[in-house]
Amino acid sequence: MREYIKPMALKSVLTAVGMVVSVGAYAADPIKIALVHGTSGHTFEIFSKQTQTGFMLGLEYATKGTMMVKGRKIEVIHKDTQFKPDIARAVLSEAYGDDNVVLAVGATSSGVTKGLLPVAQEYERILMIEPAVADSLTGKESNRYIFKTSRNSSMDMQAQALALKPDANLYVATLAEDYAFGHDGVTAFKAAMKGSGATIVHEEYIPVKTTDFTASAERIFNALKDKPGRKVMLIYVAGGGGALTKIAAMKPERHGIEISTGGHILPVLPTYKVVPGMEGAVYYYYEAPKNEINDWLVKTHQERFNGPPDFFTAGGMAAAMAVVKALQTAKSTDTEDLITAMEGMTWDTPKGSMTFRKEDHQALQSMYHFKIKVDPNVKWAIPELVREIKPEEMNIPINR
């Protein structure tokens, strides 16, 4: 007698098979994330490459080497903006529309990144900003899809102001690059100095690729040299050109003028040997944070790349750890669920804990007051830690 399966039993079998196939397909479906950075054609290329190295290390650490969250593989898609606003917008649109990424992380230049804000809003997908700095990226032109793990100009400058210990005896002139990073930085510095009694006597802005600082420096010297108190020239320049070395060679001390600037990446720190004892504030130096994550980052980076992690390596790792924490805690990878999980989220990084402020999605974080130490056995100047400046010590404005 021929055996057969009753209709109800057959339906149950097919349902079970369908569930297995469905679950298997879901498990195999990767979580796609785009890294949108300029990796060619600009002096900031090194910043991007450090960020991407740190991001991959951060994914490895946060997932315990599995590169998986909730049984799904994380797939990272790299997009080169070439530091051109139109190309940046195109590749981010491609990542959201064609590649169907859950979120994107980028970009490097504040000017280029500013043009990406409306793209995230158009596609209703998250753009996590790292390492661009400008305050305006979480300002009035920003939107609810923007989260920012990188520090902002206000953090740079409030920490710098704390390091300078301003009072009525202090006179400052600023030198900054003529784009969003520079203008936002100086605006933030003036806000940080307000009420301290210190006086800003001059603002000087230069093109990004400036290599001759003579005229700008002379204007600053003239603005400061006859002031009666402590005189400081604040340099806020992200690009190349050797501003610190060239201006130090002009002997500002002959006018009683000090140079002050924030920390920088390791390839630039050898130039700081010309200003021993200078104090300032830095986002990260690998010897400053004391925690297990930074210990792992320093050890692993040293083993794999034959050198310590740098400024933006730590930033990339912080961004990756934010992504993993969000994916682990959100109900799904849908944008709205991710936004719900990320607003007010606190997570661990090589710098210690960071928190996305709910009002504008800026990550609040520590900065580090340093004093330059010159050791002939170390090829770069050492930004020796004076103290950690905690987020609660800085009054970071909400600009949105």
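Tabulated results
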quantity	calculated
Conditions (1) polar (S, T, N, Q); (2) touching a Ser or Thr at 6+ places or on another chain (Cβ under 8 Å); (3) surrounded by fewer than 21 Cβ atoms within 10 Å (Cβ to Cβ); number of the one not met by residue 302	(2)
Residue 344, sole failed condition from (1) more than 30 Å from residue 121 (Cα to Cα); (2) surrounded by fewer than 18 Cβ atoms within 10 Å (Cβ to Cβ); (3) not hydroxyl-bearing (Ser, Thr, Tyr)	(1)
Answer residue from segment 242-283, given it is hydroxyl-bearing (Ser, Thr, Tyr) and under 19 Å from residue 166 (Cβ atoms) and is farthest from the chain's Cα centre (by Cα) among those	260
Residue 297 vs. criteria within 23 Å of residue 386 (Cβ to Cβ), of a type in the set (A, V, I, L, M, F, W, C) and not assigned by TED's automatic domain parsing to the domain that holds residue 380	yes
Qualifying residue in segment 203-215 (condition: part of a helix (DSSP H, G or I) and farther than 22 Å from residue 282 by Cα)	yes
Matching residues in segment 78-103 - criterion: being crowded, with 17+ Cβ neighbours inside 10 Å, on the phi < 0 side of the Ramachandran plot and among the hydrophobic types (A, V, I, L, M, F, W, C)	88, 91, 92, 95, 101, 102, 103
So residue 113, is it in contact (Cβ under 8 Å) with a residue 40 or more places away in the chain and either in contact with a strand residue (DSSP E or B) (Cβ under 7 Å, 6 or more places away or on another chain) or crowded, with 22+ Cβ neighbours inside 10 Å (or both)	no
Segment 179-193: number of residues that are of a type in the set (Val, Ile, Thr) and in contact with a strand residue (DSSP E or B) (Cβ under 6 Å, 6 or more places away or on another chain)	1
Listing of strands (runs of 3 or more DSSP E) fully contained in segment 41-131 that carry 1 or more residues being more than 26 Å from residue 343 (Cβ to Cβ) and either at pLDDT 95 or above or not assigned by TED's automatic domain parsing to the domain that holds residue 319 (or both)	72-80
Close pairs (7 angstrom Cβ cut-off, 6 or more residues apart or separate chains): of a type in the set (Gly, Ala, Ser) in segment 288-305, not in a helix (DSSP H, G or I) anywhere	288/368; 288/385
First in segment 50-78 and closer than 14 Å to residue 304 by Cβ, second anywhere and among the acidic types (Asp, Glu) and crowded, with 18+ Cβ neighbours inside 10 Å, Cβ under 9 Å, 6 or more apart	50/310; 53/310; 54/130; 54/310
Lone unmet requirement of (1) over 20 Å from the mean Cα position of the chain (by Cα); (2) closer than 30 Å to residue 194 by Cα; (3) free of Cβ contacts under 8 Å to residues at least 60 places away in the same chain for residue 153	(1)
Evaluation of residue 395 against (1) part of a strand (DSSP E or B); (2) more than 16 Å from the chain's Cα centre (by Cα) (one fails), failing number	(1)
Selection count, segment 274-330, where residues are in a helix (DSSP H, G or I) and under 30 Å from residue 253 (Cα atoms)	2
Residue pairs meeting the criteria (Cβ under 8 Å; at least 6 apart or on separate chains; first more than 22 Å from residue 201 (Cα to Cα) and assigned by TED's automatic domain parsing to the domain that holds residue 237, in segment 257-275; second among the basic types (Lys, Arg) and modelled with pLDDT of 90 or more)	270/379
Residues being touching a Leu at 6+ places or on another chain (Cβ under 7 Å) and either basic (Lys, Arg) or in the same structural domain as residue 110 (by TED's automatic domain parsing) (or both) - total across segment 194-249	2
Selected residue (criterion: surrounded by the fewest Cβ atoms within 10 Å (Cβ to Cβ)) from residues of segment 136-163 that are of a type in the set (A, V, I, L, M, F, W, C), in contact with a helix residue (DSSP H, G or I) (Cβ under 9 Å, 6 or more places away or on another chain) and farther than 14 Å from residue 364 by Cβ	162
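The values are calculated or read from the model by the stated rules, or taken from the named source; none is laboratory data. As the structure is a computational prediction, the values presented were derived from the model and not from experiment. Positions of Cβ are generated from backbone atoms using ideal geometry, with glycine treated the same way; all protein chains shown enter the neighbour counts.
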